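Heads up: the structure comes next, in structure tokens.
Throughout, read-outs are computed from the coordinates displayed, never taken from laboratory work. Everything numeric here is computed off the predicted structure, so don't read it as measured data. As a convention, Cβ positions derive from the backbone with ideal geometry for all residues, glycine included, and neighbour counts pool all protein chains shown.
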């Protein structure tokens, strides 16, 4: 009799433990969603020999000798612009601009070159998209080949982890391309 009661209690206890078990359901993969406002552009003009359109949310800092920084505080990103007059040294300026880009080849997975030509505005240049964990993700240069030369580089104040900053990189890259495409020499 005691063995029979012990068997029933054991079975009931086993059923209780088995029936109380919750099914484990894995959590779906999640990703950080970074949404940025739609870019609105305004014309930038000062005493420098060029004008361009820039994002209204960006801030220009440190204007000096027509070189300055366009900052994106929410993204911790900056586009550095450097202006140089052409004085018969176009080959050296082109070489230096290309060297600046290809210094990142150590960390870059790929560097895509996109030529830019606008004969009506006399703006000629190259846009570089640097893929991978390099310090800069985009760079460009533009020139009229006789008087003006402008270099632009994008940097983030964060560890260069391409996957995590890709949405911000894409947003600022579009602004850089807009800057290039709207640039006019005075």
- [ ] Starting with the highest mean, order 137-143, 169-175 by the number of other Cβ atoms within 10 Å, averaged over the residues of each peptide.
- [x] 137-143, 169-175
TODO: Given the peptides 68-74, 123-129, arrange them by the average over their residues of other C-beta atoms within 10 Å, most packed first.
DONE: 123-129, 68-74
Task: Pairwise label distance in nanometres, residue 178 with residue 90, each label 7 Å out on the Cα-Cβ vector - done: 3.0
Open item on the list: Return the Rg/Rh ratio of segment 59-185 with Cα-based radii and a Kirkwood Rh.
Closed with: 0.95
